[in-house]
There are 2 protein chains.
Amino acid sequence: MPVTAPSLATAQQPGIASHAGGKDALAQRVILLLDRLSRLTRELQFAGGLNPAQWEALRFIAQANKYSRSPTALAEYLGATKGTVSQTLIALENKGLITRCKKTCDRRQVDLCLTDAGQAMLARDPMQTLEQASLEIADELGAEMVKGLTRLLHDLQARHQVVEFGVCQECSLFCVNSGNGSLDGADGACGSTGEAIDAVEKSKICINYKTVS
Amino acid sequence: MPVTAPSLATAQQPGIASHAGGKDALAQRVILLLDRLSRLTRELQFAGGLNPAQWEALRFIAQANKYSRSPTALAEYLGATKGTVSQTLIALENKGLITRCKKTCDRRQVDLCLTDAGQAMLARDPMQTLEQASLEIADELGAEMVKGLTRLLHDLQARHQVVEFGVCQECSLFCVNSGNGSLDGADGACGSTGEAIDAVEKSKICINYKTVS
DNA sequence: GGGCTTTGGTATCGGGTCGATACGATGGAA
DNA sequence: TTCCATCGTATCGACCCGATACCAAAGCCC
């Protein structure tokens, strides 16, 4: 019966943490809910002939900027080893969903790109059913959810040393185009590499992201 | 580097759904956050010599009532097959964390119980680090989070037919003890089996849970 | 320029999980 | 008793993934 995982159906569960106060009960409940959601989403991602790791890789490649579309960046993002990621990528390439081209600047590096089939596959991302669900609650609860989940994630990251990923244009290294000649046509530049960043790239995920401190 | 998974660090990500309205952007962000949390929590649960499935089984056994401490119930709860669950349970028994005893009423069935070592292990549940984190946000955001996550879960369940699990005392079959003789000392009874339910049992998870309709 | 180290990726191996299938055992019904 | 449904287990195989070893390209230092 490997269909989908069930979950607790009640809105209140006073008994789970019977010895604790209301605050602890809430915390316990959050954990339980995340646990269930986790399992459900994992199961959802066995659709379309791909496995969860492959779906996540596909999503990452679509969202990563030019510094991050590499096996190593993906490995850090997923918390997996390079070898593991390599296999995932080979599988995706064999299915015709991505291409792997050697970069010209450094011929060791591999540039990962979505093919048209890959784009089409992303349009059938099983996580979109989750998106449907969250759309319906977005109006009243969306902002709070994002706030809470974000904080949860940060707290968790703080407890384990974890590589930060973030959007290019919010990086402390990002320089807005001030109008001098060298960056004409670009929206800004990376303070680390000095390269121009265009409008598309600047809103993507970068492996070199640094929080403004 | 199989340590822990990274995650997006920014609070705002306008670019992920650049073509969409604010509502869609929120939904996308929720998905991304859940995705990351999912991966992180999964990785957390490889601690203590157990794997995620084993931790989940341990937690379930601790929280399940007498009708639900069985391999079949666990299989439904986890969305796994009986065979798979059987292996998980064997592993837990070999580690001395649970016992498997044949029930007296129906000798086909197996009653799962935590040992003292199992209880002790649960006290070191890696998900408790998540609890620490949620405790800190419980005050301002806990209630909203629970509400949102619960709705998300329900929406998801509705889209896939999924067995409902819930707490005994909130089940539509639960009968509060009205004071007649047969249930003296008990808090109530199960309307399906007719058996008495005591205070401890009534707040546990039951596989036969039915929503009040 | 010759080594040496470092870094990005890949190939191969083996352990472990999990689903599928088949099976044994018990209980219930005719 | 006989058949069948149900609970649970055993066995097999596919697949995921980490570990290790390895190759190729780049950087360093003399």
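The values are calculated or read from the model by the stated rules, or taken from the named source; none is laboratory data. All of these numbers come straight from a predicted model, not from anything done at the bench. Neighbour counts are summed over all protein chains in view; Cβ atoms, including those assigned to glycine, are modelled from backbone coordinates with ideal geometry.
Quick look at the values:
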read-out	value
Which numbered condition A:K66 fails, given (1) assigned to a loop (DSSP other than H, G, I, E, B); (2) within 12 Å of DNA strand D (Cβ to nearest atom); (3) more than 10 Å from every other protein chain (Cβ to nearest Cβ)	(2)
Qualifying positions in segment B:80-99 - of a type in the set (G, A, S) and not in a helix (DSSP H, G or I)	B:A80, B:G96
From B:D125, B:D116, residue being over 20 Å from the mean Cα position of the chain (by Cα), more than 8 Å from chain A (Cβ to nearest Cβ) and away from DNA strand D (no atom under 16 Å from the Cβ)	B:D116
Filtered residues of segment B:196-213 (kept if part of a loop (DSSP other than H, G, I, E, B) and modelled with pLDDT under 80)	B:K210, B:T211, B:V212, B:S213
Scope segment A:55-103; condition more than 14 Å from DNA strand C (Cβ to nearest atom), surrounded by 21 or more Cβ atoms within 10 Å (Cβ to Cβ) and either over 18 Å from the mean Cα position of the chain (by Cα) or more than 27 Å from A:F174 (Cβ to Cβ) (or both); matching residues	A:W55, A:L97
Filter pass, A:M121 being more than 10 Å from DNA strand C (Cβ to nearest atom) and touching a helix residue (DSSP H, G or I) at 6+ places or on another chain (Cβ under 6 Å)	no
Per-region count, segment A:168-178, residues more than 20 Å from B:L32 (Cα to Cα) and either assigned to a helix (DSSP H, G or I) or of a type outside the set (F, W, Y) (or both)	6
